[in-house]
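The values are calculated or read from the model by the stated rules, or taken from the named source; none is laboratory data. Since the structure is predicted, the reported quantities are computational estimates derived from the model, not experimental observations. In this analysis, Cβ positions are derived from the backbone assuming ideal geometry, glycine residues included, and neighbour counts consider all displayed protein chains. Ligands, DNA and RNA are stripped out before the accessible areas are found, and what is left, the full protein with its side chains, is counted by its heavy atoms. Shrake-Rupley method; radii C 1.70, N 1.55, O 1.52, S 1.80 Å.
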Amino acid sequence: MAVDAPKVVVVVPTYNERENLPVLAGLLDALPVPNLHLLVVDDSSPDGTGEVADKLAAEHPDSVGVLHRTVKDGLGRAYIAGMTRALDEGADVVIQMDADLSHPAAVIPAMLEKLATTDAAVVLGSRYTPGGEVAAEWPWHRKALSAWANFYVNTILRLHVKDATAGFKAWRAETLRAIDLPSIHSNGYSFQVEMNYRTVRRGMKILEVPIRFEERVKGASKMSFSVQLESALTPWKLLFGRTPR
């Protein structure tokens, strides 16, 4: 008897990514991964990204979905909305990745293979595990800030992962349910840290595969001072605050 391939849903939040989204959709469609779906979570992008997503969904109704949100309230909220919908629609694996093409779609099969052949609860696409790297175009201060952020988070929370702030991840559906996804408090990029912390606190394993993190080619970065401030405070809040059992 043939065994159905697990349902894999790639959740991609978007805000002003109309040029990058069709490229990413094409890269995902070309992957040798059966039962792969794309779920675009658009926060009412003024550049028309939502309309581009709707067109993709109309052209590929069996593999592309769109979730339109009327309030732009942060990356974490967008991911939680998309992941919740993916779980409600029967996803076995949920992949989170950026729309700006900084995360290499070609690594997804390796991430899924590691998830299928180990006891990992989540697999990270890692810049800092052996074999990983960041784009040569990154200026020295961005590289220094990224390296410092990982050192800072790991020193406080002892996550024991090389890339604690990674945003390219493949999650087992049962892991997302176990960490109580709807109660995640953090937003922005600190959302990634809280997700990892909850996973480790529950005794589940995080594994990493190397990636080359590329520089955005089109569009603007969403990193603001408020996002950086939240990212600096979140590890302390997690360490001394209450976490759901």
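If you go through region 112-124 and keep only what is open to solvent by 40 Å² or more (accessible area, probe 1.4 Å) and under 12 Å from the mean Cα position of the chain (by Cα), you end up with nothing. Looking at region 1-78, the strands (runs of 3 or more DSSP E) lying wholly inside it that each contain 1 or more residues that are surrounded by fewer than 16 Cβ atoms within 10 Å (Cβ to Cβ) sit at 64-68. Restricting region 125-165 to residues that are closer than 15 Å to residue 194 by Cβ and of a type in the set (Ser, Thr, Tyr), the residue that is surrounded by the most Cβ atoms within 10 Å (Cβ to Cβ) is 165. Residues that are under 20 Å from residue 199 (Cβ atoms) and at pLDDT below 95: does region 49-70 have at least one? No, region 49-70 contains no residue that is under 20 Å from residue 199 (Cβ atoms) and at pLDDT below 95. Scanning region 83-111 for residues that are open to solvent by 30 Å² or more (accessible area, probe 1.4 Å) and under 17 Å from the mean Cα position of the chain (by Cα) returns 84, 85, 92, 98, 101, 104, 106, 109, 110.
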